[in-house]
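Visitor: Mind looking over this structure? Questions follow.
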Amino acid sequence: MIKKLSRQLSEKLHHFLADNSRNKWVYNYLYYNKWITGHLSFFNTGIAPVDEELLTLRPNDFENYQAQVYHETIKAYRRIASDKNSLTVLEVACGLGGGIKYFTHILPNATVFGIDLSFTSVYRSKKLCDAAHYAVANAHQLPFKSASFDLIVAVECLNKLDMDLFFAETERLLRPEGVLSVVDFRPMMFVDIQEKIKNICAGYSLHIKEITDLTDRVLEASEQDRVRQNRVLGRIPWGFRQVARELMVMPGSKRHTSYLHKLRCYYLFTAQKSSSL
Ligand SMILES: C[S@@+](CC[C@H](N)C(=O)[O-])C[C@H]1O[C@@H](n2cnc3c(N)ncnc32)[C@H](O)[C@@H]1O
């Protein structure tokens, strides 16, 4: 009886957080509460690697499947452009800062910026990695001069944004031939989001280079990442465990089922700005 009641309450909490995930106060609260997220430096779904071994990158070893998502954005970038000596990189929605820390490792000569709508995100990111620059800002209107960045990365935030406003801002901020590398999920079939992205990008000087379905990679990581999943579940209060099961796409969760039946997809896309504008 108590177990059933606590499961129901936990599910209600999950729906509340999911319905309000556009609200910055939800993230302010989650990132501020160290007993919920204190042991994490990423807030994204993990994926198994696409075409090589799983990334091992201290100090992110406990979250390698999560870091792998960021690694795929850089691999995709390198398929299009080569690292310059003075690369300027922006992460939109930097969350807990794990991605920013990864960028400063993998691109040691780059100048890295991170922004997020949540001020607790910027606070936590700064603490994790002070080798980057940060701002509390809305992805729809960013406090940077036009043509400031060679690479813009956005992981798991596009679903919270107005795509038109975000693409317009990206087009403004990228240098000619600059690259946008996005990973996101949608409760829709891959072919449908693929179509949607193509249609929206057509309105901007952003040329799509790749759109890859990573849904199977998410399911594979969900099988392989059991040690981390149990570690996370063991550390957070019971009320948040159902939410955590969903966010970690654990077998039996609604997210896992919808990924399995291809009603939800996880994907990567990269686009490059025209050389002259
Ligand atoms: C699922 S988390 C992903 C965080 C991080 N990218 C990661 O993968 O660990 C989504 C993030 O998007 C941020 N966010 C939501 N709406 C935003 C907006 N309009 N502008 C900037 N950040 C936003 C939230 O504050 C949150 O940190």
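Only the coordinates and a few stated rules stand behind these numbers; no lab work does. In this text, all values refer to a predicted model and were calculated from it rather than measured experimentally. Cβ placement follows ideal geometry from the backbone for every residue including glycine, while neighbour counts extend to all protein chains displayed.
Visitor: Quick one: which residues, 5 or more positions from Ala48 or on another chain, have an amide H under 5 Å from its amide H? H modelled 1.01 Å from N in the peptide plane, none for Pro or chain starts.
Guide: Val218, Glu220, Ala221
Visitor: Show me, for the stretch 134-140, the HN-Hα J-couplings you get by feeding each phi into the Karplus relation (A = 6.51, B = -1.76, C = 1.60, θ = phi - 60°), rounded to Hz, glycine and proline as x.
Guide: 10, 8, 7, 7, 8, 4, 6
Visitor: May I ask for the angle, rounded to the nearest 10°, between helix 64-80 and the longest principal axis of the chain, with both axes built from Cα atoms and the value confined to 0 to 90°?
Guide: 20
Visitor: Moving on. Taking the Cα centre as origin and putting +1 on Lys and Arg beta-carbons and -1 on Asp and Glu beta-carbons, what dipole magnitude results for the chain, to the nearest 20 debye?
Guide: So the dipole magnitude of the chain works out to roughly 1000 debye.
Visitor: I've got another one for you. Can you pull out the trypsin sites (Lys or Arg not before Pro) in the stretch 131-234 that DSSP calls coil and that have at most 10 other Cβ atoms within 10 Å?
Guide: Details: sites: Lys145, Lys160, Arg172, Lys196, Lys198, Lys209, Arg217, Arg226, Arg228, Arg231; in loops: Lys145.
Filter output for the stretch 131-234: Lys145.
Visitor: May I ask you to derive the relative contact order of the chain, considering only C-alpha pairs under 8 Å and at least 6 residues apart, and to give it as an integer percent? Mind showing how you got there, number by number?
Guide: Working: 501 pairs, mean separation 59.4, N = 277.
Relative contact order of the chain: 21 percent.
Visitor: Cα axis of helix 190-201 to longest principal axis of the chain: angle in degrees, 0 to 90, nearest 10?
Guide: Tilt relative to the chain: about 40 degrees.
Visitor: Could you compute the net charge surrounding Cys157? Neighbours are other residues with a C-beta less than 9 Å from the C-beta of Cys157; K and R count +1, D and E count -1.
Guide: Details: positive: Lys160; negative: Asp116, Glu156, Asp184.
Neighbourhood net charge equals -2.
Visitor: Please work out whether the stretch 185-245 counts as rounded, prolate or oblate from its C-alpha gyration tensor, where a ≥ b ≥ c are the square roots of the eigenvalues and a/c under 1.5 means rounded, while otherwise a/b larger than b/c means prolate and anything else oblate? Walk me through the numbers before you get to the answer.
Guide: Working: a/c = 3.41, a/b = 2.55, b/c = 1.34.
Cα axes put the stretch 185-245 in the prolate bin.
Visitor: Setting aside same-chain residues fewer than 8 positions from Lys84, which lysines have a Cα under 16 Å from its Cα?
Guide: Partners within reach: Lys75.
Visitor: Just to be sure I understand the model, the point goes 7 Å from the Cα along the line to the Cβ. What's the resulting Ile80 to Lys145 distance in nm?
Guide: 2.4
Visitor: Related question: Measure off 7 Å from each Cα along the Cα-to-Cβ vector at Glu177 and Glu195, then give the distance between these two points in nanometres to one decimal.
Guide: Between Glu177 and Glu195, the label points sit 3.5 nm apart.
Visitor: Expressed as an acute angle from 0 to 90° and rounded to the nearest 10, what is the orientation of the C-alpha long axis of helix 215-224 relative to the principal long axis of the chain?
Guide: 50
Visitor: Any lysines with Cα under 20 Å of the Lys254 Cα? List them, leaving off those in the same chain fewer than 8 positions away.
Guide: Partners found: Lys3, Lys4, Lys12, Lys160, Lys262.
Visitor: Given axes a ≥ b ≥ c from the Cα gyration tensor, I'd like to know whether the stretch 2-273 is rounded (a/c under 1.5), prolate (a/b larger than b/c) or oblate. Spell out each step's value before the answer.
Guide: Working: a/c = 1.57, a/b = 1.41, b/c = 1.11.
Here the stretch 2-273 falls in the prolate category.
Visitor: At 222 nm, what value in deg cm²/dmol follows for the chain if DSSP H runs of at least 4 each add -39500 (n - 2.57) and the sum is divided by all its residues, to the nearest 500? Could you put the intermediate results ahead of the total?
Guide: Numbers: 12 runs with 124 residues, N = 277.
Result for the chain: -13500 deg cm²/dmol, rounded to the nearest 500.
Visitor: Give the residue list of GluC sites (Glu not before Pro) in the stretch 43-109 that are DSSP loop and have at most 11 other beta-carbon atoms within 10 angstrom. Don't skip to the answer; put the middle values down first.
Guide: Working: sites: Glu52, Glu53, Glu63, Glu72, Glu91; in loops: Glu52, Glu53.
Hits after loop and neighbour filter: Glu52, Glu53.
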